[in-house]
Every structure is written in structure tokens, then in C-alpha cells.
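Asker: Pasting a structure here, questions to come.
Just so it is clear, none of the values below were taken in a lab; they were calculated from the coordinates. Bear in mind the structure is a predicted one, so any value in this text is a computation, not a measurement. Neighbour counts run over all protein chains shown; Cβ positions are idealised from the backbone, glycine included.
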Amino acid sequence: MSRGRVVVTGIGVVTPNGFAAPSQFDASGFRCRDAAEIRDFDAAPFFRQRKAMKLAHRITRFAVAAASMALVDAELPDDFPRDELGVILGTSGSDPQAADLARALANDEHNRAVADVPYFAQRVLDGLNPLWLLVGLPNMPSSHVAIQLEARGPNNTVMTDWIAGLQAIGEAADWIRCGHAAAVLAGGADSALHPYAYAAFERAGLFDHRADGRFVPGEGAAVLLLENREYAIARGAPIRAEVLASASGASVAATREAVNRRLDERNAPRPRQCAPANAARLGHALAASGAIDVALAIRGITAPAVVLCDSTGASGPAATLAFGTAALDRSST
Amino acid sequence: MTSARGETEARVIAIVAETLSIDATQVKPHSSLIDDLGAESIDFLDMVFRIESAFGIKIRENEIWAGAISAEEAETEEGRRQAVDRLKARLPEFRWDAFPANPRREDLPRLITVQTIVDYLEHRQ
């Protein structure tokens, strides 16, 4: 298998700026009444087929906009072979569009819909537009990006919650190395600004004053255009960074010392980290065996390397679930 | 046109325009939803639901073009041709030059216009 190199040629982001009470639902019943919300955002200019917008909810709109910006930023030519352009986005898929479902099932005094399946079906079919399901399916952002930007290469959606975007970037790099695509739009898009997410966060203790650090639910999208390095150089693309390696894993609790010991045994450098949420959690995260590959990949790099880490976990020390990293070398290529 | 029909037509035009994300002024009574306005099968799912909700009725599958052609007529080549002849008198402004003289079953949805939908709704009353 050829191990070609992968570079970042385009960047597109849609982000909130600051926070305030969410405008889309009433958060007064929750402990957290803040939201990092994207306001006054018009996605229409990014949709060449406007009719598709009625099927595009917030997350999809952010994704299409960010992906479109990434293509422009990368100066990808119009005649780039679309079969060679892939899409992979990370998203949580956590919004069940419960408000619509609740409305369709409202006024069911005796809870008939719970046990009476034909009745449930009748209420739902009468009360929900048939396209309702299509709007919220988690693979819709990747789908709409591919349709609006004519990306006919491989397409996937990663749903590992907060590390999904980083894992998507890692997978996109693998696609390019394996020759499945010459370029891939990779990143993440999500929104936690719905009541279901707030309820889940509150239950998980993330809004608790004893929780580690302040947590404000937010939303946004960030998409990179990754390209085969040789093709990128040949077409004169702007080279913004190189994707050296990525790794993911799940871990049980481990101390930073134990992890560093393992790295020392493998003669691997201890990677520099940027702003981990919590030092102990980072120790958990680095225990994932794949992280060793990342460390080995950046061995010998003298230019500054950025290691992006994300570890996600519930509020207890042993509950770290998953971890992803990607090491980017910002030296010129 | 009676005022009741006029009102029904206006409501259907609004629903079609909203379904297809186009301006209501682009929706003519004789516009083929598929050929002239770019409607796809997914749009019909949406549109039928909106019509059902707006008029408080249930529309069985494929019945939406019963305003243009009956189920019996749709079955045979002869029946379809007869229906086309009848519709040519009913919808003179329809783009008949763009529609096959010998339509197959699959061509029939292209006959759906605001006018045929209103015919169907009136027929149901």
C-alpha cells in the first residue's frame, strides 16, 4: 500500500462568537442558561440548489457552508474530477427532533400511543411531514455537502460524539493514502442547542458547579480540504499543513507517568500537547495504544508540531470513553 | 371560474410554491409540476402531506393524479391516449409539444398541474 503524504489545502469554519441565552428554545428550566449560538447566519449563498434547503437543518447548513468555504480557500479548480473528491464529517446525531414528535403525539390523555402500535403509527403519519426523518438523520450533513459541492467520491459520517471530527480527519487522510480519493472534505458539524442535549448534559453533571471547568453548549462547523500532497503541489495549491498521523482508542484510567513510561520504552518522544481539558484526563487519553503511533510519527520533526487532542468523558475519573488525536506539522513542504 | 374554485386554486398554488421553494408567481395553473417546475418524487411526498393537512383529507397513493386520468384509463395504452385527448381540451396551455403522444405509465405524473390537482379536490367534494 502506497503511503503517500496528505496535506491540508483549505479551511472553512462557521462558529459562534460569544454566548447568550439560546434563541431557539427556552433554557430557563436548566441550570445552564447560556449557549454559544450562531445567529443571523444565512446559508442560502452556499446552496446551489435552493430547494434542498428545506431538508437542511442547522447542522447541515453549517456543514455545507464550511465545506464550501474550504473549497474556495483551497482554490480547488472547477474541473477537479468530482469522483476524486470525498466527504467525511463527524457529528453526534444527538438531536432526535423531539419537539416535532411530541407535537404529533400530543393530547393523548390515556397514553394510548405507548402500547397501541397502529394508533401510534396513525398519530405519527398524520402529524409528521414524511420528510421529517430525512431532515435530522445524522448522515445528512455529509450528504448535502456532497450534493451541493458535487463531491462524488467516498462519503461517510462518523458519530463518536466530541471526537468525531478529529476521527473524520484521520479517516480522510487514510482514504487519500490508500488512493480512494485525491481530495477529501473532512471535519465536523454539530449543534448542542436543543433541549434534549441540555437535559443530557445536566444529567451528566456537566452543568454542576462542581464540574471540572465551565461548560457552555455550542454549535458550529469546521471543514478542512485534505489532498494528496503530490497532486496539491502539482496544481499549485496553497499548502497549509501536513497531516502526519492520527490515532484513536478507548482507555481505562492511567496516569500521565505510566503513559510516559510506555513511550520511553518504545523510544518515542513525549508529544507536546495543547490545552487539554484536564491533565488527568489527558493521561487517560494517552493510554490509548494508538497514541504511540502519533508520537512515533512526529519523532524527528524539528519544526513546531501541533498535537490536537480530544478526550471525552463523563464526570467520573474512570469514565473516559474515547480519544482521538491528529498531529499536524506546520513546517513548509 | 367560481370563487370557491378560485380560492382552492390559490391555496394549491401557495402549497406548490412552498413545496418547491419557488415564488408563487412562477406557478401557473397549467405548469407541469415535474417538467416545468422541477418537482421530484420527494417533493410529491411533501406536497401531498401539505394538501392533506390544508384540506383535511387523506389522499391514497397515486390518487393525486386522478384529477387528470382515472386508474382504469392509466392501465391501457388506449386509455392513456384517450385521457391525453381529453386533457388537451381541458388544458390548452399545457406544453403538449413536450409530452409524448403515446405516454407510458411512467409519463403520467408529468400531467400533474395545479389545474388537475384542483379538479381532483373539487371531485372529492
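Asker: Once the convex hull of the alpha carbons of the stretch A:158-232 is built, what does its volume come to per residue, in cubic angstrom?
Answerer: Once divided by residue count, the hull of the stretch A:158-232 is 104 Å³.
Asker: So what are the radius of gyration and Dmax for the Cα set of the stretch A:1-99, in Å?
Answerer: Over the stretch A:1-99's Cα set, Rg and Dmax evaluate to 17.3, 55 Å.
Asker: Can you give the helix-only mean residue ellipticity at 222 nm for chain B, where every DSSP H stretch with n ≥ 4 adds -39500 (n - 2.57) and the sum goes over all residues, rounded to the nearest 500 deg cm²/dmol?
Answerer: Details: 5 runs with 63 residues, N = 125.
Helix contribution divided over all residues of chain B: -16000 deg cm²/dmol.
Asker: Would you compute the Debye intensity of chain B from its alpha-carbon atoms alone, equal scatterers and no solvent, and pass along log10 I(q)/I(0) at q = 0.16 Å⁻¹ to two decimals?
Answerer: -0.75
Asker: Can you report the principal axis dimensions of the stretch A:23-64 using only the alpha carbons, biggest first, rounded to whole angstrom?
Answerer: Dimensions of the stretch A:23-64 along the principal axes of its Cα atoms: 41, 16, 14 Å.
Asker: For peptide A:110-118, how many partner chain Cβ atoms fall within 10 Å of a residue's Cβ, on average?
Answerer: 0
Asker: Can you bin every Cα-Cα distance in the stretch A:93-173 into 5 Å intervals starting at zero and give me the percent of pairs per bin, rounded to whole numbers?
Answerer: 3, 12, 16, 17, 14, 10, 10, 9, 6, 2, 0
Asker: While we're here: Got a sec to turn the phi values of the stretch B:27-41 into Karplus ³J(HN,Hα) couplings, 6.51 cos²θ - 1.76 cosθ + 1.60 with θ = phi - 60°, whole Hz, x for Gly and Pro?
Answerer: Each residue's phi maps through the Karplus curve to give 9, 8, x, 9, 5, 6, 4, 7, 6, 8, 10, x, 6, 10, 4 Hz.
Asker: Further question: Take peptides B:26-35, A:138-147 and line them up by average Cβ neighbours within 10 Å, highest first, as a rough protection proxy.
Answerer: Numbers: B:26-35: 18.5, A:138-147: 22.4.
Highest mean packing first, the order is A:138-147, B:26-35.
Asker: Now for a separate question. Apply the Karplus curve 6.51 cos²θ - 1.76 cosθ + 1.60, θ = phi - 60°, to the phi angles in the stretch A:152-162 and return the couplings in whole Hz, x for Gly and Pro.
Answerer: 9, x, x, 9, 8, 9, 9, 10, 9, 6, 6
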